[in-house]
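Structure first, commentary second.
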Amino acid sequence: MANLPTILTPRLRLRAWREGDLPRLAELAGAPEVYRFTLRIPRPYTIEHARQFMHVQREAWAKGEGLILAIARRDGDEVMGTVGLEINRAMDRAELGFWVGVEHWNRGYATEAAGAMLGYGFGNLGLNRIFAGHFAGNEASARVQQKLGMKREGVLRQAFKKDGTYHDDVIYAILRGEFEPGVEWTIQSE
Ligand SMILES: CC(C)(COP(=O)(O)OP(=O)(O)OC[C@H]1O[C@@H](n2cnc3c(N)ncnc32)[C@H](O)[C@@H]1OP(=O)(O)O)[C@@H](O)C(=O)NCCC(=O)NCCS
């Protein structure tokens, strides 16, 4: 099975989640502020959920269906969040997703990590379209997508149901021909 790639940006190392990260992953993903605007994060979030998440990401990469990586500090390797692409190979498109631990918000980490993922998706995975959907009202996510050069395409009304309440899904997307790299990144050799 091919290993997940490691991508370096000026401040970050995007790398596979590891066994030793799982307690921290459970802690960061378990925050109510992260749960609130995500669909696949269980609550409470246990270490077993974290382990399952790690295995699913490894399988997804092996099948060519996803590239989901930890966002770690380049200096020191502290894990801070996650970023990834869910790939639809037949359509050459992917869905971008990300979250960052609350204590690390508003320092540009999501934008830096997602910018590198867009570059990898268009440059290395040969994708043509990368989109992301967020809960209406999630202004931080909207801002990240705008900073990445993604365009707002529309709203899927009440497409999300979370804890019994429906929410609009706001869609942003970018095409390969529109992408202008905003962050320098390299692949770390093994
Ligand atoms: C969305 C999220 C990943 C952003 O992470 P981050 O590392 O803080 O993002 P960045 O620092 O790169 O950019 C955040 C931007 O949003 C802005 N922002 C933050 N809160 C905001 C708010 N309430 N209203 C408007 N803008 C806001 C910041 O000012 C910043 O923009 P700027 O650089 O122009 O000042 C983080 O808030 C998060 O994990 N939220 C919970 C999970 C989630 O929503 N994931 C996305 C699902 S689509």
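The values are calculated or read from the model by the stated rules, or taken from the named source; none is laboratory data. This is a predicted model, so every value here is computed, not measured. Here the Cβ positions follow ideal geometry from the backbone for every residue, glycine too, while neighbour counts run over all protein chains shown.
Could you say whether any residue in the stretch 143-165 is part of a loop (DSSP other than H, G, I, E, B), away from the ligand (no atom under 13 Å from the Cβ) and either at pLDDT below 95 or over 18 Å from the mean Cα position of the chain (by Cα) (or both)? Before the answer, list the steps.
Going through the stretch 143-165, the residues part of a loop (DSSP other than H, G, I, E, B) turn out to be 148-150, 163-164.
Next, only the ones that are away from the ligand (no atom under 13 Å from the Cβ) stay: 149, 163-164.
Now narrow it down to the ones that are either at pLDDT below 95 or over 18 Å from the mean Cα position of the chain (by Cα) (or both): 163-164.
Scanning the stretch 143-165, I find at least one residue that is part of a loop (DSSP other than H, G, I, E, B), away from the ligand (no atom under 13 Å from the Cβ) and either at pLDDT below 95 or over 18 Å from the mean Cα position of the chain (by Cα) (or both), so the answer is yes.
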Which residue pairs have Cβ atoms under 7 Å apart, sit 6 or more places apart or on different chains, and have a first residue in the stretch 55-74 that is closer than 18 Å to Pro23 by Cα and a second that is of a type in the set (Phe, Trp, Tyr) and part of a loop (DSSP other than H, G, I, E, B)? Gln57/Trp17; Ala70/Trp17
Can you tell me how many residues in the stretch 117-142 are within 16 Å of the ligand (Cβ to nearest atom) and hydroxyl-bearing (Ser, Thr, Tyr)? 1
Yes/no for Glu86 being more than 8 Å from the ligand (Cβ to nearest atom) and without any contact (Cβ under 8 Å) to a residue 24 or more places away in the chain: no
